[in-house]
Every structure is written in structure tokens, then in C-alpha cells.
Number of protein chains: 2
Amino acid sequence: MDYFEDIEVGRKARFGRYEVTREEVVEFAKKYDPQAFHLNDDAAAKTHFGRLSASGWHTCAMTMSMLVRNMEENRQAGLGSPGIDELRWIKPVYPGDTLRVESTVLEKRRSESRPEMGIFKSRLTVFNQNDEPVMSMVSNGLIQVRDPDAAIET
Amino acid sequence: MDYFEDIEVGRKARFGRYEVTREEVVEFAKKYDPQAFHLNDDAAAKTHFGRLSASGWHTCAMTMSMLVRNMEENRQAGLGSPGIDELRWIKPVYPGDTLRVESTVLEKRRSESRPEMGIFKSRLTVFNQNDEPVMSMVSNGLIQVRDPDAAIET
């Protein structure tokens with residue numbers, strides 16, 4: 001397993017491949033974000049989206065599925081997340097797009113209230129098949145500490 | 001329709017009701033966030049979640065569905081969002097919880113590059129049935145301007 005101690009600040013990674021289908025875009029939008037520009041091309045053509053585009057929350061969900069697969073491949077002892085510092089939907093995501101992720105670890109620290117956990121901050125950027133960034137975020141990840149009895153560096 | 005001109009800074013609102021079911025929590029997690037603590041109680045019991053909890057992204061999606069319904073009821077001319085400034089998953093969301101939203105408009109401004117659009121910033125807090133905040137965010141919303149030819153105040 002990969003623990004807090006194994007996280008290297010500055011480490012970059014590229015991973016994931018997610019093919020965005022019209023069926024899934026419409027299914028997600030109907031359930032969670034039924035704004036017209038996420039449901040049909042005609043309504044979207046009247047807006048700055050131009051054509052049917054994925055809900056930004058759907059892009060977050062698709063990105064999470066790539067992240068979880070990557071965590072599994074790295075056998076990372078993740079414990080969820082307290083939140084996201086900055087989430088930007090940079091360009092629309094369209095059916096037919098293929099998404100991928102680039103990440104950089106920005107910083108890490110032990111939790112003082114829960115010494116068995118650490119927190120690390122990463123910048124994540126999601127690109128489409130034209131290498132255009134479509135979404136970015138600074139995410140905070142919780143991860144198990146291998147040796148909870150070790151002193152906390154300050 | 002409610003346009004940019006109708007947005008009142010400082011306005012508070014309470015809206016939404018979303019019953020969180022185990023079936024939906026597991027369905028979302030299987031598709032987008034298959035970490036063990038979102039899939040079964042036994043795995044969750046070994047973590048700080050205690051029992052099966054919803055993916056944070058699922059909570060975002062459920063919140064969006066409450067927001068869209070509220071926008072429809074207010075006939076708000078929304079045009080999507082450029083992003084979220086701060087997203088915090090404060091407490092786990094469990095099957096059986098019932099969620100609702102409170103919002104406050106923090107500020108608004110016309111877009112200088114796209115005079116037909118305005119941007120407004122809101123703090124959104126999601127509560128469970130015990131009135132405990134489970135999630136908060138500062139969201140940025142794009143909205144149509146009723147009179148795009150009006151001068152932009154600076």
C-alpha cells in the first residue's frame with residue numbers, strides 16, 4: 001500500500017481515459033442537472049455552449065472515476081476528501097470527447113487532530129482529446145499514515 | 001424571467017428536499033466513486049465514516065438537482081457556472097438523510113468580455129434532517145442580462 005509517508009511533494013502524474021457518450025451526458029443531466037443546454041442541442045445552440053455539453057458536476061464525477069482507478073492501481077490508502085479549494089469549468093465537455101487527467105502534488109501535512117491521517121493537496125487538470133484543459137481543481141486528499149506513532153513534523 | 005438585474009446581493013433563500021436512498025448512493029458510487037466506504041457498511045465501519053456514506057460528488061449532484069428546481073421555480077435565466085471557489089464536505093451524508101439548501105447572494109457583477117452575461121457569487125450550505133451542515137460551497141453563477149446595452153457599472 002501507498003501511505004502518507006510515500007506521497008512526494010512535486011510528483012506529477014498523467015492517467016485516465018474516459019470516453020464521454022451522449023447517452024451518459026443526457027442520463028446524468030436528466031437526473032441531476034436538467035438545464036436545457038445539458039439536455040438537447042437546439043437549446044444549447046442558443047447559448048454560449050453551442051451544443052449539448054456535459055454538466056460540470058458530471059465532469060467532476062467522470063474525473064473521480066479516473067482518480068479512483070488511479071488510486072487502486074497505486075494501492076493508495078485514501079480516506080476521502082475534506083473538500084476542493086478551487087474548481088474551474090474551463091471549457092465545455094461534449095459528447096464524443098475523451099478525457100484524461102494530469103496531477104501535481106502541491107503539499108502534504110499530518111493531521112494534528114487525527115495522527116493516523118495525513119492530508120495532501122494536489123492540482124488536477126482534466127484535458128480533452130485536443131489537449132485543451134476543460135476543468136481544473138485543487139483537491140485535498142486524506143490518506144492513512146503508515147506509522148501513526150511517529151512524531152508530527154511542524 | 002429573473003435576470004441579472006433582479007439578483008439582490010444579500011438575499012437569502014431556503015429550498016429543496018432530497019431523500020438520500022441507499023440504492024442511489026451505491027449506484028452513483030459504483031459508477032463514479034467506487035471506494036469501499038461508499039459501497040458497503042463493513043468497509044466503512046473500519047474508517048472515520050463509520051457506515052456507508054454518499055460520495056461527496058454525489059452530494060454535489062443531489063444539491064445541483066435542488067438548485068435547478070429552485071432556478072426553474074424562480075424562472076432564473078441561468079447560463080451555467082465558471083466554477084466553485086470553495087467546496088467543503090463537512091460531515092458524511094448517509095442513506096436515509098434528507099437534504100436541503102440555504103443560500104446567500106454574496107456579490108454580483110456584469111461580465112466585461114460578454115456584456116450579455118452577469119456573474120453572481122453565492123454561499124450555499126447543505127443541511128441534513130438534523131439541521132447539521134454537511135456541505136458548503138461558494139458558487140459562481142452566470143446569468144443573462146435583461147438589458148445588454150446598459151452601461152457596465154464599475
When residue B:78 is evaluated against the numbered criteria (1) under 25 Å from residue A:138 (Cα atoms); (2) within 7 Å of another protein chain (Cβ to nearest Cβ); (3) in contact (Cβ under 8 Å) with a residue 24 or more places away in the chain, which criterion, by number, is the only one it fails? (1)
Taking the stated definitions as given, is residue B:22 in contact with a strand residue (DSSP E or B) (Cβ under 7 Å, 6 or more places away or on another chain) and more than 7 Å from every other protein chain (Cβ to nearest Cβ)? no
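State which residue is modelled with the lowest pLDDT when the search covers only the stretch A:39-48 and only residues that are more than 7 Å from chain B (Cβ to nearest Cβ) and in a loop (DSSP other than H, G, I, E, B). Before the answer, list the steps.
First pass over the stretch A:39-48, keeping only residues more than 7 Å from chain B (Cβ to nearest Cβ): A:39-46.
Imposing the further condition that a residue be in a loop (DSSP other than H, G, I, E, B) reduces the set to A:39-40, A:46.
Numbers: A:39: 94, A:40: 90, A:46: 87.
Only one residue fits best here, namely A:46.
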Applying the selection to the stretch A:101-117, what residues are within 13 Å of another protein chain (Cβ to nearest Cβ) and in contact with a Gly (Cβ under 9 Å, 6 or more places away or on another chain)? A:111
Mind checking which residues of the stretch B:9-38 are in a loop (DSSP other than H, G, I, E, B) and at pLDDT 95 or above? B:9, B:10, B:11, B:20, B:21, B:33, B:34
Across (1) at pLDDT 95 or above; (2) more than 7 Å from chain A (Cβ to nearest Cβ); (3) farther than 22 Å from residue A:139 by Cα, residue B:54 clears everything bar (3)
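So which of A:73, A:27, A:19 is surrounded by fewer than 15 Cβ atoms within 10 Å (Cβ to Cβ) and either of a type in the set (Phe, Trp, Tyr) or farther than 27 Å from residue B:79 by Cα (or both)?
Working: A:27 fails: either of a type in the set (Phe, Trp, Tyr) or farther than 27 Å from residue B:79 by Cα (or both); A:19 fails: either of a type in the set (Phe, Trp, Tyr) or farther than 27 Å from residue B:79 by Cα (or both).
So the residue among A:73, A:27, A:19 that is surrounded by fewer than 15 Cβ atoms within 10 Å (Cβ to Cβ) and either of a type in the set (Phe, Trp, Tyr) or farther than 27 Å from residue B:79 by Cα (or both) is A:73.
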Going through the stretch B:1-49 one residue at a time, which ones are among the hydrophobic types (A, V, I, L, M, F, W, C) and without any contact (Cβ under 8 Å) to a residue 24 or more places away in the chain? B:36, B:37, B:39, B:43, B:44, B:45
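So which residues in the stretch B:2-29 are under 19 Å from residue B:153 (Cβ atoms) and basic (Lys, Arg)? Talk me through it step by step, then tell me what you get.
If we filter the stretch B:2-29 for residues that are under 19 Å from residue B:153 (Cβ atoms), which is where we start, we get B:3-11.
Correct list: B:11 only.
Take residue A:5 and decide whether it is surrounded by 13 or more Cβ atoms within 10 Å (Cβ to Cβ), within 10 Å of chain B (Cβ to nearest Cβ) and either within 19 Å of the chain's Cα centre (by Cα) or assigned to a helix (DSSP H, G or I) (or both).
Criteria not met by residue A:5.
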Single condition residue A:56 does not satisfy, out of (1) free of Cβ contacts under 8 Å to residues at least 60 places away in the same chain; (2) surrounded by 15 or more Cβ atoms within 10 Å (Cβ to Cβ): (1)
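For the stretch A:81-100, which residues satisfy the criterion of being under 27 Å from residue A:4 (Cβ atoms) and either facing another protein chain (nearest Cβ under 8 Å) or among the hydrophobic types (A, V, I, L, M, F, W, C) (or both)? Explain how you work it out, then say what you get.
Residues of the stretch A:81-100 that are under 27 Å from residue A:4 (Cβ atoms), as a first pass: A:81-87, A:100.
Correct list: A:81, A:82, A:83, A:84, A:85, A:86, A:87.
The values are calculated or read from the model by the stated rules, or taken from the named source; none is laboratory data. Bear in mind the structure is a predicted one, so any value in this text is a computation, not a measurement. Glycine gets a Cβ as well: all are built from the backbone with ideal geometry, and neighbour counts include every protein chain shown.
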